[in-house]
Structures are given as C-alpha cells and as structure tokens.
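As structure tokens, the structure follows; a few thoughts come after it.
The values are calculated or read from the model by the stated rules, or taken from the named source; none is laboratory data. Being a predicted model, the structure only gives us computed values, none of them experimental. Using ideal geometry, Cβ is built from the backbone for each residue, glycine included, and neighbour counts are taken over all protein chains shown. Remember, those area values only see protein heavy atoms, side chains included, never the ligands or the DNA or RNA. Shrake-Rupley method; radii C 1.70, N 1.55, O 1.52, S 1.80 Å.
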Amino acid sequence: MTGDVAVYGLIDPRNGELRYVGKAVDPQKRLWIHLSIARTNRYGSLHVKHWIQSLLAVGLRPEIEVLEPHALPAATTVSVAMTAVWARKKALA
C-alpha cells in the first residue's frame, strides 16, 4: 500500500446530487462505516449522519462515486481534497 487515498463523493439517490466529499484508502469500506454510524447513531458528522439516516428511513442508501482514485497523499486534508475535485470538475466543464 502506498498510503495514497481516493477522493469519493456520496450521492443522493433521489436526485443525483453530490452531498458529501471525503477521502479514504478504501471508499467502499468507508461507505460501510458511514452507514454503520448512521444506523447505530454513533459519533460522526451530524450533517452526513442525519442525511444518511433520512435515506435509510425510506429504504435508500447513498451511492458512492470515486472522484479521484488514489490521487492524493494520505496526509492531504479533506478541504484540500475537495478543492482538488472542484478545480478538476471546473477545468473539465
């Protein structure tokens, strides 16, 4: 393992809206952790947890999209990761 992380987005399945951007070595495992936090009402970002709880209440779950696969060093902060994603999307537009 190189220590690189992927930047991922959580998508609202109701409207396709990107609701959360994060980073993880294993985005699928991180999605499972987000779901687990929401289901057990444990610690975590209140915004994300409440949003996921609202999806689970109606039988849905967030979709995950890898926005930048293993493109950032592990020490990169989420804010830097989000900036990189938005800059890339703007450049492609």
In the stretch 15-70, what chymotrypsin sites (Phe, Trp or Tyr not before Pro) fall in a loop by DSSP, with at most 15 other Cβ atoms inside 10 Å? Tyr43
For the stretch 1-63, dividing by residue count, accessible area per residue (probe 1.4 Å) in Å² works out to 56
Can you pull out the trypsin sites (Lys or Arg not before Pro) in the stretch 1-64 that DSSP calls coil and that have at most 11 other Cβ atoms within 10 Å? Arg14, Arg42
Label Asp12 and Glu65 with points 7 Å out from Cα along Cα→Cβ: what is the distance between them in nm? 1.4
